[in-house]
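Shown next, in C-alpha cells, is the structure this report addresses.
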Amino acid sequence: MRKIVDPIDEDFDDFIVGRAALANLGNLKLKIQNNTNNFVTDFYFNTNGSLGLDPGYDAAMFGGSAPAFALYSHLVEGNSGIPMAIQTLGQSDMTNVTVPLGLHADDGMNITLSIDEINMPSTINVYLEDVETNTYTLLNNGNYNFSTSSTLNDVGRFFLRFSDNQLSTNDTSLDVIEIFADQSNRSIIINGQLNVKTELKLYDLQGKIIKSTILDPFVNRQSVDVSEFAQGIYLVEIVSNNNTKRIKKLIIK
C-alpha cells in the first residue's frame, strides 16, 4: 500500500548514517513488482543535492551492478553508467527534472511500476514516461502496468519526471511541432513555431545528455547539427520555459 506523508507535519530520517545535517524537502520511493518479486529505488530532495554526484547523499547499487530484477536511476548530469539505488536532487529540481530510469526484467513478465511511498508537496506531479509506447502516466493517481516482450537490462526506455502542477499551462503547442531526422544532412529538424523560449536536449540510450541547445521561438523551421555523433537511436526532448515537454525517439544514420 502506498504511504503518503505530509512533509510539513512529519520529518523523515537521514538515509545515510553519519552525514551532515540537511534540510529535507521531500522523498519518493518507486517500486516495481511482479507475481513473486519486488524492488525499490529512492529519490530525495534537499538543499545539499544536485543533478550530479553528491558524495554522502547519493548511493550506487551494491557492487556497482543491478540484479536480474531491479529498478534504479542514472545521474541526471555527469552520468557514468553506474546504477544508483538512491539519488538526491536539489531544491529547485523538485518542480522540473527528468531522471533516467533503469529496469531489469526477463522476457514475458507482467510488471507493475508504482509509487510505494511519497513525502512531497501535494502540488508535485510525478510522471512515468515510456518512450517505447510513447505514453505518460501520472503515478500520483495510479500505477503503470506492462508486459515485457524482450529482456530489459538497461536505461533508455523509462524516464521519471517531476513537475509542479501550479506551474503547468494549457499551452499544448509542442504537440503540433514536428521533430524528425534529416538523414542527408545528419541533423534534427524542428518544424513549427515555438512561440516561447525552448531548449532541445539530445540523449543517448543510457539517458545521458550529449547535446543541448536553445531554439529560436520565432523561427518556423530550424536545424540542429548532429553530424558529430555515431549512427544509432537517440532521444530528443524539447522543453519550453512554461514547463511543456515533448520527447521523441529518432534514428540517426
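Each reported figure results from applying straightforward, stated rules to the coordinates on display, with no laboratory input. Just so it is clear, the structure is predicted and the values come from calculations on it, not from any experiment. Cβ atoms come from the backbone with ideal geometry, glycine included; neighbour counts cover every protein chain shown.
With θ set to phi - 60°, apply the Karplus curve 6.51 cos²θ - 1.76 cosθ + 1.60 along region 121-131 and write out the HN-Hα couplings as whole Hz, x wherever there is a Gly or Pro.
For region 121-131, the Karplus curve yields x, 5, 7, 7, 9, 10, 10, 9, 9, 10, 5 Hz.
Kindly work out what percent of the DSSP beta bridges joining two residues of the chain are antiparallel, to the nearest 5.
95 percent
With a point put 7 Å past each Cα toward its Cβ, work out how far Thr112 is from Ser212 in nm, to one decimal.
3.7 nm
Hey, with R₀ at 25 Å, roughly what FRET efficiency would Asn185 and Glu132 work out to, going by the Cβ-Cβ distance, to 0.05?
Between Asn185 and Glu132 the formula returns 0.35.
Report the relative contact order of region 25-115, percent, no decimals, based on alpha-carbon pairs under 8 angstrom and at least 6 residues apart.
After rounding, I find 36 percent.
At a 10 angstrom cut-off on C-beta neighbours, averaged per residue, how do the peptides 224-233, 71-80 rank from highest to lowest?
Highest to lowest by the protection proxy: 71-80, 224-233.
For the residue pair Leu205 and Gln91, what label-to-label distance in nm results when each label sits 7 Å from Cα along the Cα-to-beta-carbon direction?
4.0 nm
What is the gain in length, in nm to one decimal, between Ala59 and Ser147 on full extension, counting 0.36 nm per residue of separation less the C-alpha to C-alpha distance?
Length difference between fully extended and current span is 28.8 nm.
Please list 3J(HN,Hα) in residue order for region 210-221, calculated via the Karplus relation 6.51 cos²θ - 1.76 cosθ + 1.60 where θ = phi - 60°; whole Hz, with x for glycine and proline.
10, 7, 9, 8, 8, 8, 7, x, 10, 10, 6, 9
Return the distance in nm (one decimal) between the two label points of a simple spin-label model at Leu250 and Arg221, each offset 7 Å from Cα along Cα→Cβ.
Taking the two extended label points, one gets 1.5 nm.
Rg(Cα) of the chain divided by 2.2 N^0.38 Å?
Cα Rg divided by the expected 2.2 N^0.38 Å: 1.03.
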